[in-house]
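This report refers to the structure that appears directly beneath it.
Rule-based calculations on the coordinates, nothing more; no lab input. Source: prediction; values computed, not measured. With ideal geometry, Cβ positions are generated from the backbone for all residues, glycine too; neighbour counts draw on all protein chains shown.
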Amino acid sequence: MKTVALATGIAMHHALLLAAYLASGPLRTHYLDPVAGPLPGAMGEAALFVAVSMASVALVLPRLSPDWTVVHAVTVGSGALLLFAISDAAIATVFCGVPLTGHFARFGTQPGLIQAGALAFHVAAPALWLVDEGKNAGQKGQRPAATNFE
């Protein structure tokens, strides 16, 4: 796999999650949490993160390289998480004025653990897609269509 394809995979996997985070974060904190509570708010945001992860691995990542391996998949997931952690910290401190320690302390709460689980799924999603793809491939080197939802 070429380095450019790997970097593109990391950037795209991260960008999709960041877009979902930027859209869902304000909606959750200003509307859903006050009405339904922080736990349902976190579950709704986590569901969006999981959906975005699945869309990323189904629609974006398969088109980057025909030579996808587990190492590449784990690299994409881990790289996307690293970029997300940096972006998340920057947004919290710069735009929201939340101290970094307080911001990351949220992962010790129930809603934070739900978000951490969704982020863990986002990291693992490329490797999980690869495992599923291996089961569906008819012959070695033959890739199933990205839109094959049998």
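With unit charges on the beta carbons (Lys and Arg positive, Asp and Glu negative) and the dipole taken about the Cα centre of the chain, which residue among L6, V50, P38 sits farthest to the positive side? Toward the positive end, the furthest listed residue is L6. Springs join every pair of Cα atoms under 10 Å in this Gaussian network model of the chain, and among A46, A19, A80 the largest mean-square fluctuation is at A19. Sorted largest first, the principal axis extents computed over the alpha-carbon atoms of the chain equal 52, 32, 22 Å. Charge tally around P26: other residues with Cβ under 15 Å, Lys/Arg +1 each, Asp/Glu -1 each, net -2.
Go through T29, A80, Q110 and say which Cα lies farthest out towards the positive end of the charge dipole of the chain; charges sit on Cβ, +1 for Lys and Arg, -1 for Asp and Glu. The residue sitting most towards the positive pole is A80.
When you restrict to C-alpha pairs under 8 Å that are six or more residues apart and normalise by the size of region 3-133, the relative contact order lands at 37 percent. Peptides 54-62, 9-17, ordered by how many other C-beta atoms sit within 10 Å of their residues on average, highest first, read 9-17, 54-62. For the chain, the Cβ-based charge dipole about the Cα centre amounts to some 220 debye (Lys, Arg positive; Asp, Glu negative; other atoms uncharged). When the label point is put 7 Å from the Cα of Y31 along its Cα-to-beta-carbon vector, which residues of region 49-64 have a backbone N closer than 17 Å? 49, by backbone N distance to the label point. For A58 and L113, FRET efficiency with R0 = 35 Å and r from the beta-carbon atoms, rounded to 0.05? Efficiency computed from Cβ-Cβ geometry: 0.85.
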